[in-house]
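Visitor: If you scroll down you'll find the structure; I have some questions about it.
The values are calculated or read from the model by the stated rules, or taken from the named source; none is laboratory data. These figures come from a predicted structure and were not determined experimentally. Positions of Cβ are generated from backbone atoms using ideal geometry, with glycine treated the same way; all protein chains shown enter the neighbour counts.
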């Protein structure tokens, strides 16, 4: 039996990993979404000439100072068709699908160009850690991953490049979108007050959506055209047309090529503009178009289920120091530096909180002396959780690596905790951030696309 490999930059929902990890959760939301990494990057951009001098590959689009080759477009279309069929969806007409796929590749290209301009990179060690996670989730040794991918016709080198690109895009979005969203205690209080009468706390919803985008400074003509198209798509959906196929055909959202599926969301975690709509729908029903700053959203409720929540949980109190390798300091150098810091702390030459505040590169905890507060162990990445699970209270770990860099961590305490009230506020904060992130990400992508020079040479 063949395994199909998928990778997402999105950690488990409602988790916070060493401050920075919690924010990388969005990486995916905006893509609103976890991205499947089959061979979308694809064929090498080579040009082979026959004896008659015929060009066998050509440029599909020019994006700023880069290009998208026809071979890339063909490969990605082939991949999307396979993914849609695996979901039981019939692909739309080739001309429609190719247009959507090309737009997706253009958006990916402008994000990568922006990241390159800003110096955002992913080290080989971080990339290898991500690949090891993929292998582990699919139940195979890391060394067997290239062979397993080859059995599906996936070139391992291309797969590595595609994953590196998606990790880079995740960091770019985390920096340019999520880090700029500030949620105040008053906003949390107002959200909880609104949710008090909403019948969503114990429910989880599986939803899909279609976005008919509207430019930030849309003219009345553009707004009218978008409204007309949204009404048309809404009517088709309510007439029984396959919602996933409609999403692939019409949606401007980053999850369009996945049939618009957003997956399972807890009621309290639904984006704000959906909290009043989704609970009123029955499974299979489609909403009327919902206007937001990014455009018109059409939402379908696929399924509803009860959410089982544990009130009493085990928690750990941890602080850490994070150092991130770069071009000047490789992994060996960073690890050696952390070992020296650990020895200085143990020798009493420096306090953990003082050195963490001065050298830690975790923006979420450095100002707090590296303090991550009380957390459930599953709030951390598996490697971080494993490292602290072995510690006794007061003990400082040896340097260890996660996908965010190198850490040393100190366990300050363990306890059993009734987290109901605290988790409600955390869920409220995440819901507010998620709602704003959905919208901000769509607008951010539109801006990047609008500011780029794009010339389409082929469909």
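Visitor: Of the residues 360, 367, only one is touching a residue at least 12 places away in the same chain (Cβ under 8 Å) and not assigned by TED's automatic domain parsing to the domain that holds residue 194; which?
Guide: None of the other options fit; the residue is 360.
Visitor: State which residue is surrounded by the fewest Cβ atoms within 10 Å (Cβ to Cβ) when the search covers only region 174-204 and only residues that are closer than 24 Å to residue 115 by Cβ, at pLDDT below 85 and touching a helix residue (DSSP H, G or I) at 6+ places or on another chain (Cβ under 7 Å).
Guide: Looking at the filtered set, the residue picked out is 179.
Visitor: Name, by its number, the condition in (1) farther than 19 Å from residue 251 by Cβ; (2) within 24 Å of the chain's Cα centre (by Cα) that does not hold for residue 108.
Guide: (1)
Visitor: Residues of region 383-406 being out of contact with any helix residue (DSSP H, G or I) (no Cβ under 8 Å at 6 or more places or on another chain) and without any contact (Cβ under 8 Å) to a residue 12 or more places away in the chain, which ones?
Guide: Within region 383-406, 386, 390 meet the criteria.
Visitor: Check off (1) without any contact (Cβ under 8 Å) to a residue 40 or more places away in the chain; (2) farther than 30 Å from residue 364 by Cβ; (3) in contact with a helix residue (DSSP H, G or I) (Cβ under 7 Å, 6 or more places away or on another chain) for residue 91 and give me the number that stays unchecked.
Guide: Going through (1) without any contact (Cβ under 8 Å) to a residue 40 or more places away in the chain; (2) farther than 30 Å from residue 364 by Cβ; (3) in contact with a helix residue (DSSP H, G or I) (Cβ under 7 Å, 6 or more places away or on another chain) one by one, residue 91 breaks only (1).
Visitor: Could we say that residue 144 is touching a helix residue (DSSP H, G or I) at 6+ places or on another chain (Cβ under 8 Å) and exposed (fewer than 14 other Cβ atoms within 10 Å of the Cβ) here?
Guide: For residue 144, the condition - touching a helix residue (DSSP H, G or I) at 6+ places or on another chain (Cβ under 8 Å) and exposed (fewer than 14 other Cβ atoms within 10 Å of the Cβ) - is met.
Visitor: Still on this structure: With the checklist (1) touching a helix residue (DSSP H, G or I) at 6+ places or on another chain (Cβ under 8 Å); (2) over 26 Å from residue 105 (Cβ atoms); (3) surrounded by 19 or more Cβ atoms within 10 Å (Cβ to Cβ) in hand, flag the one item residue 257 doesn't pass.
Guide: (2)
Visitor: Identify the residue in region 111-125 that is in a helix (DSSP H, G or I) and touching a helix residue (DSSP H, G or I) at 6+ places or on another chain (Cβ under 7 Å) and, among all such residues, is surrounded by the fewest Cβ atoms within 10 Å (Cβ to Cβ).
Guide: Within region 111-125, the match that is surrounded by the fewest Cβ atoms within 10 Å (Cβ to Cβ) is 125.
Visitor: Assuming residue 161 fulfils every condition listed in (1) surrounded by fewer than 20 Cβ atoms within 10 Å (Cβ to Cβ); (2) part of a helix (DSSP H, G or I); (3) touching a helix residue (DSSP H, G or I) at 6+ places or on another chain (Cβ under 8 Å); (4) not assigned by TED's automatic domain parsing to the domain that holds residue 266 apart from one, which condition is it?
Guide: Answer for residue 161: the failing condition is (3).
Visitor: Here's something else I'd like to know. Could you list, in sequence order, all residues of region 337-352 that are surrounded by fewer than 18 Cβ atoms within 10 Å (Cβ to Cβ), touching a helix residue (DSSP H, G or I) at 6+ places or on another chain (Cβ under 8 Å) and within 15 Å of residue 412 (Cα to Cα)?
Guide: 351
Visitor: To continue, here is another question. Condition test on residue 362, is it closer than 30 Å to residue 123 by Cβ, modelled with pLDDT under 90 and either in contact with a strand residue (DSSP E or B) (Cβ under 6 Å, 6 or more places away or on another chain) or part of a strand (DSSP E or B) (or both)?
Guide: Yes.
Visitor: Here's a follow-up. Looking only at region 300-317, decide whether some residue is within 30 Å of residue 395 (Cβ to Cβ), in contact (Cβ under 8 Å) with a residue 60 or more places away in the chain, surrounded by fewer than 14 Cβ atoms within 10 Å (Cβ to Cβ) and touching a helix residue (DSSP H, G or I) at 6+ places or on another chain (Cβ under 8 Å).
Guide: The answer is yes, given that some residue of region 300-317 is within 30 Å of residue 395 (Cβ to Cβ), in contact (Cβ under 8 Å) with a residue 60 or more places away in the chain, surrounded by fewer than 14 Cβ atoms within 10 Å (Cβ to Cβ) and touching a helix residue (DSSP H, G or I) at 6+ places or on another chain (Cβ under 8 Å).
Visitor: Might you check whether a residue that is surrounded by 20 or more Cβ atoms within 10 Å (Cβ to Cβ), out of contact with any strand residue (DSSP E or B) (no Cβ under 6 Å at 6 or more places or on another chain) and within 21 Å of residue 438 (Cα to Cα) occurs anywhere in region 208-226?
Guide: Within region 208-226, not a single residue is surrounded by 20 or more Cβ atoms within 10 Å (Cβ to Cβ), out of contact with any strand residue (DSSP E or B) (no Cβ under 6 Å at 6 or more places or on another chain) and within 21 Å of residue 438 (Cα to Cα).
Visitor: Follow-up. Just one of (1) at pLDDT 85 or above; (2) closer than 22 Å to residue 431 by Cα; (3) touching a strand residue (DSSP E or B) at 6+ places or on another chain (Cβ under 7 Å) trips up residue 264, so point out which.
Guide: Failed condition: (1).
Visitor: From the list 167, 223, pick out the single residue that is in contact with a helix residue (DSSP H, G or I) (Cβ under 8 Å, 6 or more places away or on another chain) and either in a helix (DSSP H, G or I) or not assigned by TED's automatic domain parsing to the domain that holds residue 76 (or both).
Guide: The conditions single out 167.
Visitor: In region 83-93, what count of residues is obtained for those that are assigned to a helix (DSSP H, G or I) and surrounded by 16 or more Cβ atoms within 10 Å (Cβ to Cβ)?
Guide: Qualifying residue count, region 83-93: 2.
Visitor: Need a quick list: strands (runs of 3 or more DSSP E) entirely within region 399-459 having at least 2 residues that are over 23 Å from residue 362 (Cα atoms), modelled with pLDDT of 75 or more and in contact with a strand residue (DSSP E or B) (Cβ under 8 Å, 6 or more places away or on another chain).
Guide: Filter on region 399-459 gives 405-418, 454-456.
Visitor: If you don't mind, another one. Please find, among 96, 134, the residue that is farther than 30 Å from residue 241 by Cβ and assigned to a helix (DSSP H, G or I).
Guide: After applying the criteria, what remains is 134.
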